[in-house]
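S.K.: Could you have a look at this structure, given as structure tokens, before my questions?
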Amino acid sequence: MTISKEPRSLNRTEWAERHVEDFLSLPLVREFVFRSPQASDRGIQKEVVDFLIAHGESAILISQKCQENPLARNGTKVSSWAKKAAKGAASQLCGALRTSNEKEIWCEHSRRGRVQFPHGLPKIDHAIVMVEVFERVELNQFDLDTAYFPLNFNETPISYFSGNDFLNLVVALRTTSDLLAYLNARRLLPPSDLHVIGDEKSLFEFYLLNGGTFEGCASRRDVTIAVSEQQDRLKDILATKRESDSYSGLLEDVADKLATRLPDYASNLPQHLLASFDPPDARAGYLEMQRILTGLRLRERAELGRSFYSVVDKVANETNTFTYRSAYLDLHPAWVFVFAASRGIDREEVLSRNTNLMRGAVAFYGKNCLLVTDRDGANYEVGIARQGSSPTTDEQEIGRRFFGHLRITDVSLDRV
């Protein structure tokens, strides 16, 4: 991960927010991670919350609290600070949820510029209190009223994590859908366990061992016992997950690269091919393609990434070649995904083949099509085609020629 150096004038809290933004943006895609959304309150500009993650119909709010000097406290001083910080974070989240639909919100995004939310925050699925501590802290101890730490506000669940634990979950789960599935499953724990921060590792391991649920779990103590008794099985699950997740990274890279285009993308291209590109000052098509990729569950993203890898690997040592394959998902019936790879073929020719592949896929499968081509191992060419009127005879023939001979293989996608 490459992180730019920030000015020394930033205090540690501001510095941490920028680096957490970078961290969240790797798997969740930067275009949908909003740091420090703002609103106007009686003419005064105020921060609404530290982070908003918004993917399609799913959204998560995060309030982050960091220590200016993590080495300055230990023991009871850390616990006391963490409780006050968690109380402040929860209060910020409740304030944001209370007024979320009352005023326009905006964010100065590092890539997209000013992004407006004219009707306030989108519907929030989950709110996160994220506190920088490196040891277990119990928020429900007798010395502090648990009313300071609500588990719900206006029907929105609120969960409490250490910063390290939550960011590890983001790395492990990698999509908003999978993250929300974990957060919602975790709500089966008793309230006393939901008020513990800094002790998440065994919970996540139990979630993996238990097929993506917390059913049958009565407490953190049950979790610890169950995990300790299944270490060999856990190692196997983690190894399988690492292998699967590596393929997800391929599509995460595509989604990230969609944010920029080649400076000379239009060079030597005929008008009929240029017409399919967004104008330089309008990126609606690219955002749509990013939304499709970020809307996938992790296992879906991983298996599509595996398909992409297979065509890239097939041409790795070839010249003057072009190959492709298609895939579609039961939970996304409106889409077919086409993955291609070329080596040593002129870009104009690659784009022409891509156009025909998309036309043929739409006609053959009766679905919208997202196509990703690895061109010479150096660049991606990504396109999208939607169903319109009935396909022409020519398009039907193209579809049969390109896709009629492909072998069909079914792959079962587990929940984690």
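S.K.: Sort T213, T76 so that the residue with the fewest other Cβ atoms within 10 Å of its own Cβ comes first and the one with the most comes last.
M.R.: With the fewest neighbours first, T213, T76 line up as T76, T213.
S.K.: Let me ask something else. Which value in nm describes the separation of the simple spin-label points at N154 and K314, placed 7 Å from the Cα toward the beta carbon?
M.R.: 5.1 nm
S.K.: A follow-up question, please. Hey, which of these cross-link pairs are over 27 Å Cα-Cα: K77/K235; K103/K367; K46/K83; K77/K201?
M.R.: K77/K235; K103/K367
S.K.: May I pose another question? Of F117, F214, F166, which has the largest mean-square fluctuation in a 10 Å C-alpha GNM of the chain?
M.R.: Ranking F117, F214, F166 by mean-square fluctuation puts F117 first.
S.K.: According to the Kirkwood expression over distinct Cα-Cα pairs, how big is the hydrodynamic radius of segment 12-229, in Å?
M.R.: About 17.9 Å for segment 12-229.
S.K.: Using a Cα-Cα cut-off of under 17 Å, which aspartates and glutamates could be cross-linked to K241, ignoring same-chain neighbours fewer than 8 residues away?
M.R.: Within the straight-line limit of under 17 Å, K241 reaches these aspartates and glutamates: D178, E205, D232, E252, E300, E303, D414.
S.K.: Would you mind computing, in nm to one decimal, how far apart the modelled labels at S36 and S276 are, each placed 7 Å from Cα along Cα→Cβ?
M.R.: 4.1 nm
S.K.: Next question. Please report the antiparallel percentage of the DSSP beta bridges confined to segment 12-229, to the nearest 5.
M.R.: Among the beta bridges of segment 12-229, antiparallel pairing accounts for roughly 70 percent.
S.K.: Further question: Using the alpha-carbon centroid of each, what span in Å lies between segment 157-224 and segment 339-416?
M.R.: 39 Å
S.K.: What does the helix-only formula give at 222 nm for the chain: each DSSP H stretch with n ≥ 4 adding -39500 (n - 2.57), the total divided by the residues, and the result rounded to the nearest 500 deg cm²/dmol?
M.R.: Result for the chain: -13500 deg cm²/dmol, rounded to the nearest 500.
S.K.: On to the next question. If one takes the longest principal axis of the Cα atoms in the chain, at what angle in degrees, from 0 to 90 and to the nearest 10, does the Cα axis of helix 284-294 lie?
M.R.: 60 degrees
S.K.: Per residue and in cubic angstrom, what volume does the convex hull of the Cα atoms of segment 300-402 have?
M.R.: In segment 300-402, the Cα convex hull volume per residue is 92 Å³.
S.K.: Taking the dipole about the Cα centre of segment 12-229, with the C-beta of Lys and Arg at +1 and of Asp and Glu at -1, give me whichever of F134, L169, A181 is farthest to the positive side.
M.R.: F134
S.K.: Of the beta bridges DSSP finds with both residues in the chain, what % are antiparallel, to the nearest 5?
M.R.: 65 percent
S.K.: Something else about it: Relative to the present Cα-Cα distance, how much length would full extension add between R233 and T409 at 0.36 nm per residue of separation?
M.R.: Roughly 60.6 nm would be gained on extension.
S.K.: If you don't mind, there's one more thing I want to ask. Which ³J(HN,Hα) values, rounded to whole Hz and listed in residue order, are derived for segment 341-352 from phi using the Karplus coefficients 6.51, -1.76 and 1.60 in 6.51 cos²θ - 1.76 cosθ + 1.60 with θ = phi - 60°, glycine and proline given as x?
M.R.: 8, 10, 9, x, 10, 3, 4, 4, 5, 4, 5, 5
S.K.: Next up: Grab the Cα-Cα distance for I345 and T76, subtract it from 0.36 nm times how many residues apart they are, and report the gain in nm with one decimal.
M.R.: Residue separation times 0.36 nm, minus the Cα-Cα distance, leaves 90.3 nm.
S.K.: Also, I was wondering about something else. Can you list the aspartates and glutamates whose alpha carbon sits under 17 Å from that of K123, skipping same-chain ones fewer than 8 residues off?
M.R.: Within the straight-line cut-off, K123 pairs with D50, E57, E102, E104, E155.
S.K.: Students often get this wrong, so try it: which of (i) 24.6; (ii) 23.6; (iii) 27.9 is Kirkwood radius over Cα pairs in Å as calculated from the structure shown?
M.R.: Recomputing Kirkwood radius over Cα pairs in Å here gives the entry labelled (ii).
Values quoted throughout were computed directly from the atomic coordinates according to the rules given, and no laboratory measurement underlies them. Remember, it's a predicted structure, so these values are computed and weren't measured experimentally. Glycine gets a Cβ as well: all are built from the backbone with ideal geometry, and neighbour counts include every protein chain shown.
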